[in-house]
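To start, the structure under review is shown below, and the notes come after it.
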Amino acid sequence: MKLTRAGVLILVAFSVPVAIELRTVFGLFGIDLPLAAVGVFEVILVAAILVAYAITAEPETATGP
Amino acid sequence: MSIETTREHPERGDDPDDRPPGYVVGSGPDDVERELSHDEFDPIGTLGIILVYFVILAVMWAFMYFVEFLGRGITVVG
Amino acid sequence: MATFVDRYPEEAAVVRATFVVAFVSLGIGAFFGLIQALHRTGYVRILDSVDYYTILTGHGVLLALVFTIFFLLGLFTWAVARSLERPLPDIRLTWAWFGLTTTGATLVAVAILAGLIPSLGVSADVLYTFYAPLQAHPLFYAGLTMFIVGTWMAGADWFLAYRAWRADNPDDRIPLQTFMVLTTMLMWYLSTIGVAVSAVFFLLPWSFGIVETVNPLLTRTLFWFFGHPVVYFWLMPAYLLWYTVLPKLAGGRLFSDPLARVVFVLFLLLSTPVGIHHQYLDPGISEGFKFIAMTNTMFLLLPSLLTAFTVVASMEHGARQRGGEGYFKWLGALPWRDPAFTGMALAGLMFAAGGFSGMINAGMNINYLIHNTLWVPGHFHMTVGTAVALTMMAGSYWLVPQLTGKRLYSRPIGLLQVVLWFVGMVFMSNAMHRAGLAGVPRRTAEPQYQSFDFSTALGSVGELQAQIAFGGFLLFVSVVLFLFNILLSSFETPMESPVDDSLPAPLSGAEGSPLVLDDLRLWTGIAIVLVILAYTLPLGSIVTDAGLFGDSPGFPVLIDAVAMLKEVVA
Amino acid sequence: MEIHAYEKFWLAAALLLIVGLIATVSYGAVGAGIEMIGDEGGTVDPEALDDHPKFGDPGVYESGEDEYDVYVVAEQFAFRPGTSDPIEVPANSTVTFHVTSADVIHGFEVVGTNANTMAIPGQVATFTVEVDGPRDYGILCNEYCGSAHHAMEGTMEVVPEDEYDGPEGGD
């Protein structure tokens with residue numbers, strides 16, 4: 001299934017709470033991650049989304065509404 | 001918005017008036033490929049999403065009540 | 001294909017006017033929000049901490065009361081005219097309630113903002129809840145009363161339209177949107193009795209000095225009699241859009257019309273007899289009454305949980321009609337590039353999260369954990385601040401073209417705007433919830449106290465402050481983009497069909513639902529009985545305790561704050 | 001009325017959730033013994049607090065073995081006691097707070113704990129807590145009470161039993 005640019009934007013937005021709450025999940029297991037870990041994790045998530053977009057995006061001529 | 005600018009998209013350069021009317025918002029129905037009537041449609045995905053939500057609610061409620069709340073010092077007992 | 005403005009030009013003019021008032025207050029209120037977010041976290045302080053509360057009162061009143069309710073007034077006018085397929089009975093009545101509500105809202109805003117100019121001698125820094133014996137200038141209570149009377153007239157306008165329609169269509173089911181408007185207004189009439197009695201019989205005479213004293217617990221209880229239902233008054237316009245417009249935007253149809261009616265009836269029945277859950281920690285109200293309020297509140301979760309299913313199922317229907325497959329893969333087939341759709345969908349997602357923190361607020365004893373902490377604003381920024389406000393902004397991208405006959409200036413900016421709101425709110429409200437658990441109070445101008453430090457389970461208070469300030473900044477940028485987009489839209493050239501404004505019929509229509517659902521008299525009667533059951537005894541005991549007029553003199557908020565501070569420090 | 005089977009199932013699950021929430025809170029009230037602030041505290045005349053036997057001289061009073069009563073007056077913008085003198089109680093005791101307001105509505109929150117109440121003029125909020133080991137707590141007003149609301153704070157010191165030199169009975 002193709003990933004649209006709008007879809008990328010939504011996935012990036014959705015990755016923000018996931019990254020923030022990751023720290024909570026680790027906290028429950030007694031691992032205190034520094035704030036920077038949230039940033040690093042968010043960068044990884046965004047990179048993964050962009051890779052998915054690059055792989056699935058249709059050729060540039062496609063307009064698709 | 002780097003995503004929006006890194007790729008050329010023909011739509012961006014177009015004269016806006018060339019767009020089909022109704023494109024800007026409310027465009028969802030333009031892409032309908034098939035009609036699903038009431039009897040042909042089972043919201044199985046919705047059921048899945050809502051059950052995941054149910055589990056999250058139940059687990060977080062239990063955590064908040066028994067760990068965060070009852071686990072705290074100085075609680076009103078009378 | 002003509003759109004709303006071509007069919008009902010006079011109604012469209014009124015709706016445009018209400019939206020202008022709503023958006024102007026949104027802009028001012030959001031600016032105040034930015035000032036607060038930066039001030040209380042200590043990042044940027046452009047005013048004195050004693051003036052923080054003027055800004056806070058302005059933020060609460062302009063956004064929670066003026067923006068939301070003016071948008072509602074416009075939306076409901078649109079919904080009644082379009083779903084009854086007839087103009088309102090007398091447009092002069094419509095303009096009259098617009099004039100009254102606008103005048104009232106302006107008086108309230110003037111009373112509040114005058115607080116920034118001490119030489120005027122007018123102040124209303126009593127916050128959105130205006131708890132006596134803090135005393136505002138009479139202008140504040142008078143303006144508030146006018147505003148509420150104006151909303152009553154608006155309701156009368158819609159009921160008259162319905163009556164005229166009924167005379168011509170004696171056997172038809174009430175069109176769904178009109179049904180939603182009427183049930184919401186019945187709930188509003190019932191619940192505003194509390195605030196009207198409080199303002200007219202107690203606070204207004206007291207602020208003029210006609211009566212000397214007030215019973216603080218009584219006016220507070222009357223406030224919450226209205227103060228919880230009002231959150232549903234904000235929410236119902238969003239529900240109306242989620243039920244009747246969102247399925248269409250998704251490319252599908254509403255899953256079930258009868259269940260939508262059941263949900264609105266449940267809100268009419270249960271919204272009012274729950275206000276005491278805001279008073280779990282109030283002395284003078286016994287535990288039993290609090291437990292009853294909690295039970296009602298918990299059952300009030302039911303219509304929202306049902307809504308979650310119906311609305312998501314309607315979206316899934318749209319996605320599958322657009323070719324979506326699989327258990328969850330269909331989510332990708334939704335029209336995410338449409339800001340109206342995406343904004344409402346993200347608002348719904350945020351509401352699901354807000355539903356959780358609301359359960360904690362509603363839990364009677366667990367309320368000790370978070371009562372009056374920053375958790376509470378964290379909660380309502382997810383609900384009224386996103387589920388409602390973001391749905392209203394997203395809905396505007398679809399509604400405004402119908403009211404002006406002009407297309408939206410920019411769809412990509414609209415999409416960026418709704419996504420920025422979501423991200424900004426994730427940062428701000430997540431951090432507020434966490435800070436609340438650390439005991440950080442709401443409604444305070446300072447980030448730290450002198451004699452103790454807050455401690456968090458995870459991370460540091462400084463991080464939370466940074467997230468609140470950053471989130472607040474993103475939210476403000478989002479509002480600026482929204483207003484800019486709407487403003488530029490008004491300069492577009494008119495066109496034949498600026499938007500696809502048709503609404504498809506529900507999958508399961510009204511014809512299958514029992515007729516009793518449309519019996520508004522019956523539901524109103526039951527709602528009144530429930531309110532009497534929930535409130536007679538607590539109000540009776542409060543009045544027995546301290547009398548109708550109590551024994552608390554007024555404490556005007558216009559005081560020499562600097563002298564007060566010196567006294568405290570000394 | 002036609003309701004989809006999945007939606008009926010969800011209706012049942014939603015009701016189960018609601019009943020579960022109410023059951024948890026009921027367990028907290030009955031099983032864990034958490035009581036709500038109620039109307040047991042009675043009423044006072046907010047303008048005549050000085051004539052009140054306890055609020056006229058607010059502070060810590062001993063009411064039994066390891067049991068103490070703490071009378072607190074909240075007023076713009078201080079707690080008496082709490083702000084200028086800390087509230088001092090011994091460790092491992094049972095403390096009953098009686099909180100009222102001399103002017104407007106205030107909040108009384110022992111920071112980071114479940115001890116949290118409103119202080120409403122004319123009403124007395126009464127609640128009992130068990131304090132354990134020695135520790136200092138912050139107290140703050142969590143309801144907006146006027147222009148210097150953010151300055152309204154105090155402390156409570158739970159001191160070791162052997163260091164406790166008896167109730168002060170006012171300030």
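The values are calculated or read from the model by the stated rules, or taken from the named source; none is laboratory data. The structure displayed is predicted, hence computed values, not measured ones. Ideal geometry is used to build each Cβ from the backbone, glycine not excepted, and the neighbour counts take in all protein chains shown. Ligands, DNA and RNA are stripped out before the accessible areas are found, and what is left, the full protein with its side chains, is counted by its heavy atoms. Shrake-Rupley method; radii C 1.70, N 1.55, O 1.52, S 1.80 Å.
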Would you mind checking which residues have amide H under 5 Å from C:Ser508's amide H? H placed 1.01 Å from N; only 5 or more apart, or other chain.
C:Ser256, C:Asp257
Where the accessible area of the stretch C:14-569 is counted over protein heavy atoms with a 1.4 Å probe, how much of it, in %, is carbon and sulfur?
69
Using the scaling law 2.2 N^0.38 Å as the reference, what is the normalised Cα Rg of the stretch C:128-214?
1.47
So, in nm, how far is label C:Ser451 from label A:Phe26 when the simple model puts each one 7 Å beyond its Cα toward the Cβ?
3.8
Evaluate the Kirkwood expression for the hydrodynamic radius of the stretch C:314-417, namely the inverse of the mean inverse distance over all pairs of different C-alpha atoms, and round to one decimal in Å.
15.6
Out of C:Ser541, C:Leu93, C:Asn430, whose Cα points farthest toward the positive end of the dipole of chain C (charges: +1 Lys, Arg; -1 Asp, Glu; placed on Cβ)?
C:Asn430
Can you tell me what the convex hull of the Cα atoms of the stretch A:5-56 projects to on average, as an area in nm²?
3.6
Taking the Cα of D:Ile3, stepping 7 Å toward and past its beta carbon, and measuring to each backbone N in the stretch C:506-543: which are under 19 Å?
C:507-519, C:523
For the protein assembly as shown, accessible area per residue (1.4 Å probe, heavy atoms of protein chains only), Å²:
35
The FRET efficiency for D:Asp132 and D:Asp165, from their Cβ-Cβ distance with R0 = 35 Å and rounded to 0.05, is 0.95
Local electrostatic count at D:Asp103 - Lys and Arg +1, Asp and Glu -1, tallied over other residues with Cβ under 10 Å:
-2
C:Leu269 neighbourhood, Cβ < 14 Å, K/R = +1, D/E = -1, net charge +1
Buried accessible area between B and D, both sides, 1.4 Å probe, in Å² rounded to 100, is 2600
When you look at the Cβ of every residue in B:58-68, what mean number of other chain Cβ atoms sits within 10 Å?
5
Stokes-Einstein diffusion coefficient of the protein assembly as shown, Kirkwood radius over Cα pairs, 37 °C, 0.692 mPa s, in µm²/s:
116
Normalised per residue, the volume of the convex hull around the Cα set of the stretch D:46-163 (Å³):
91
Using a 1.4 Å probe on the protein chains only, how many percent of the accessible area of chain D belongs to carbon and sulfur?
47
Where the only charges are on Cβ atoms (+1 Lys, Arg; -1 Asp, Glu), what is the dipole of the protein assembly as shown about its Cα centre, to the nearest 20 debye?
3140
Estimated buried accessible area (total), pair C and D, 1.4 Å, Å² to nearest 100:
6000
Sequence ranges C:221-227, A:2-8, ranked by mean other-Cβ count within 10 angstrom, highest first
C:221-227, A:2-8
Order of D:46-55, C:126-135 by packing, highest average Cβ count within 10 Å first?
C:126-135, D:46-55
When the expected Rg is taken as 2.2 N^0.38 Å, what fraction or multiple of it is the alpha-carbon Rg of chain C?
0.95
Would you work out which of D:Thr24, D:Val124, D:His52 lies farthest towards the positive end of the dipole of the stretch D:11-146? Charges go on Cβ: Lys and Arg +1, Asp and Glu -1.
D:Thr24
Pull out a ≥ b ≥ c, the square roots of the eigenvalues of the alpha-carbon gyration tensor of the stretch C:428-503, then state rounded if a/c is under 1.5, prolate if not and a/b is larger than b/c, and oblate in the remaining case.
prolate
Do you know which residues of the stretch A:16-44 lose at least 20 square angstrom of accessible area in the protein assembly compared with their chain on its own, with a 1.4 angstrom probe?
A:Val16, A:Pro17, A:Ile20, A:Glu21, A:Arg23, A:Thr24, A:Leu28, A:Asp32, A:Leu35
Please compute the average number of Cβ atoms from other chains found within 10 Å of each residue's Cβ in peptide D:129-138.
3
Can you tell which of C:Pro401, C:Tyr52, C:Ala387 lies farthest toward the positive end of the dipole of the protein assembly as shown, using +1 and -1 charges on the Cβ of basic and acidic side chains (Lys, Arg; Asp, Glu)?
C:Pro401
Heavy-atom accessible surface that C and B bury in contact, both chains counted, 1.4 Å, Å² to 100
4400
Peptide D:9-19, shielding by other chains (average Cβ, 10 Å cutoff):
6
